[in-house]
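Working notes, beginning with the structure itself.
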Amino acid sequence: MRRVSTRLGELDCQVLDAIPEGATPELAVVLCHGFGAPATDLVPLAQELVELKPELAPKVRFVFPAAPLSLGVMGMPFARAWFHLPQEVMMGRERDWDLFAVSTPEGLAQARRGLMSALSALSAATKLPYGRIVLGGFSQGGMVTTDVALRLEEAPAGLCILSGTLICQEEWKQRAEKRKGLPVMQSHGRYDDILAFHQAERLNKVLTEAGLSVEFLPFNGPHTIAPEVLERMAEFLHERL
């Protein structure tokens, strides 16, 4: 696959595809990494998804944005974040999940603005409307893409929430009402010790009750992307073509 480093809107991005020369993509897939990961963390997924579903190769462009915040001051020079987390979350202490679910993280608005600017630039460059762009992300990247998917002027082609969680509960509930029918693939490990499994179930309930078409894939594992999730994700993307 060809790989290009470029800037889309406010964000540095890695762009990968195997689309024939002169052809234009039929679908774009934007995948956002999690808190503390390097900007390139999810880049290998493009090749893996194409190998699982070769039909994606000539039609799909994959975009991997780098989160705007550097965690270099925390001694992690290559780590990025979409927004900072409370100290008790960073320390892995027991957290108040009810409070976490209704809270709006400080810095979310800036992260949202950055991702929206990247999507706008991507849409302009590819001539694809938002309805031909799938959003997705892992962990904190899943939170940001869920927030953006519920806010765009036009619904995206789909949403992949990989080990994400519920925040902004009341606002997401209201906004989700306007996204009835949006195809969502949500996965979460039953033994996740970073973002509790029961919170993923709460998020699933919010989206399902609002009328989104949510496929929930629990798996017996920790805070990760399981092989069976990647297999279903390849199918999910193929269905969006």
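The values are calculated or read from the model by the stated rules, or taken from the named source; none is laboratory data. Keep in mind the model is a prediction, meaning the values are calculated, not measured. Because the Cβ atoms are built from the backbone with ideal geometry, glycine has one as well, and the counts that use them run over all protein chains shown.
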Requested in this report: Only one of these is part of a helix (DSSP H, G or I), of a type in the set (Asp, Glu), within 26 Å of Lys59 (Cα to Cα) and modelled with pLDDT of 95 or more: Glu228, Glu170, Glu154, Glu215. Name it.
Outcome: Glu228
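Select, from Gly22, Gly92, the only residue that is under 21 Å from Ala196 (Cα atoms), in a loop (DSSP other than H, G, I, E, B) and either small (Gly, Ala, Ser) or at pLDDT 95 or above (or both).
Gly92
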Report summary line: Counted residues in region 100-128 being crowded, with 18+ Cβ neighbours inside 10 Å and not in a helix (DSSP H, G or I) come to 2
Report task. Tell me which residues, restricted to region 130-161, are within 9 Å of the chain's Cα centre (by Cα), more than 14 Å from Leu237 (Cα to Cα) and of a type in the set (A, V, I, L, M). Result -> Met143, Val144
Report summary line: Considering region 1-22, residues that are of a type outside the set (D, E, K, R) and farther than 18 Å from Ala124 by Cβ, and then whichever is surrounded by the most Cβ atoms within 10 Å (Cβ to Cβ), we arrive at Leu16
Query - Filter pass, Ile194 being in a loop (DSSP other than H, G, I, E, B) and closer than 20 Å to Phe83 by Cβ - result: yes
Report summary line: Screening Leu31, Leu42, Leu49 for residues that are of a type in the set (A, V, I, L, M), closer than 22 Å to Arg240 by Cα and assigned to a loop (DSSP other than H, G, I, E, B) leaves only Leu42
Query - region 187-220, subset touching a Lys or Arg at 6+ places or on another chain (Cβ under 7 Å) and under 15 Å from Leu166 (Cβ atoms), residue surrounded by the fewest Cβ atoms within 10 Å (Cβ to Cβ) - result: Phe197
